[in-house]
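Here, each number is a calculation from the coordinates, and none is a lab measurement. Everything numeric here is computed off the predicted structure, so don't read it as measured data. Neighbour counts run over all protein chains shown; Cβ positions are idealised from the backbone, glycine included.
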Amino acid sequence: MGFTANSQHDIQRGVQDSPDWTNPPPQRGMAGVTVCDRRSGAVAANASNGTEGQAGVSSTLPRRQLGRYLRDWRTQAGLTIAEAARLMEWGASTLQRLEKGQADRIRTIDIHELCRIYGIPDDLAEGFAGLAQQAAVKSWWHAYGDLIPENFDIYVGLEASAQRLRAYQSELVPGLLQTAEYARALNHLGFPQDSVDELDRRVALRLQRQALITRKHSPAEIDVVLHESVLRSVVGDAKVMAAQLRHLADASTRSNVALRILPFAAGVPLGVSTGPFTVLEFGTDSKGQPVEPPVVYAEGFTGDLYLERRADVRRYDRAHECLQRHALDIQPSRHLLRQVAKEYVA
């Protein structure tokens, strides 16, 4: 589940069971067009047409994800960069550029050969080859099943690398904050044909991803705005909802979790519907520079939208800030969660 609408990620498509992955049509409105900073008729995906001015302009999200996956599998195969490059009859720098997402030209035949060397399963190899074929663009619409197999979940790998996530969710509890029973109820609706064992596996994978925010060493920071409708939309039954809302209230006491509720009374602060979204950040290096560019993620019913142009990210930053200003503060939000939880079991 992406952190926002990707709460439905492993519901709609399933999550790969790979060894090292902890694991809209683009928007439902004019995403990023805000009352506070409105550009008439502008849509987030078209917000910037200029160059980014960032180092490594050839590095795009699909290439970075491909490089990250290949690096993880090479490591698990017990190979150094020099050893793997020698098997490919490459220089070490060629493989290093590929793993950093900075290769100028990527051939699918080379990706398949690396997958063979690393012992990567065929279904994942097809996903990697699909990533290699994506255009080098800063705004990427990933249609499910188009080049990349439908069950290959790109967002999960991206989420696992994030150090900070800011999200808005108007329909479902984000996957990183779901209880097992809430996740089970959603998965049962999404995959009614699943056996009990298959359903258990989906739920287990969902919960494994939550280690991102619960681990003891350097847990990721999350800052979430939930619309009050999420609290009122029944998933499962009243008992499931009560437990889920108590879980949210408890999670919000963690130092790395900020959770605010946008009440019905707040109206439509942005003047338009952005739909659910997540802004992911990946930390900084020793010089204080971003390790990777921040990425905006928005899940759709038939595909996912990824944006990394600076202007796009800034607009979503402002949208999140605007929603925060109109939401309840953290303590009142926690109180509302506990209050609604009691209403469900009254």
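Here is the list for region 76-122: trypsin sites (Lys or Arg not before Pro) lying in DSSP coil, each with at most 14 other C-beta atoms within 10 angstrom of its C-beta, are R105, R107.
Amide hydrogen proximity for D223: with H placed 1.01 Å from N in the peptide plane, the residues at 5 or more positions away or on another chain lying under 5 Å are L165, R166, A167, A258. Couplings for region 208-222, taken from phi via the Karplus curve 6.51 cos²θ - 1.76 cosθ + 1.60 with θ = phi - 60°, read 4, 5, 6, 4, 4, 10, 10, 4, 6, 9, 6, x, 5, 8, 10 Hz in order; Gly and Pro are left as x. Relative to one another, the C-alpha centroids of region 165-191 and region 228-295 are positioned 11 Å apart. Considering the zone a paramagnetic label at K239 would reach in this model (a point 7 Å from Cα along the Cα-to-Cβ line), which residues of region 189-217 have amide N under 20 Å from it? Of the residues in region 189-217, 189, 196-197, 199-200, 203-204 have backbone N under 20 Å from the label point off K239. Our coupling estimate for region 259-271, obtained by passing each phi through the Karplus curve with A = 6.51, B = -1.76, C = 1.60 and θ = phi - 60°, is 10, 10, 9, 8, x, 3, 5, 6, x, 10, x, 8, x Hz, Gly and Pro reported as x. Taking region 204-239 and a reference point 7 angstrom along Cα→Cβ of S273, the backbone N atoms nearer than 18 Å belong to 226-234.
Considered as an equivalent ellipsoid built on the Cα gyration tensor, region 143-252 has semi-axes of 21, 21, 14 Å, the largest given first.
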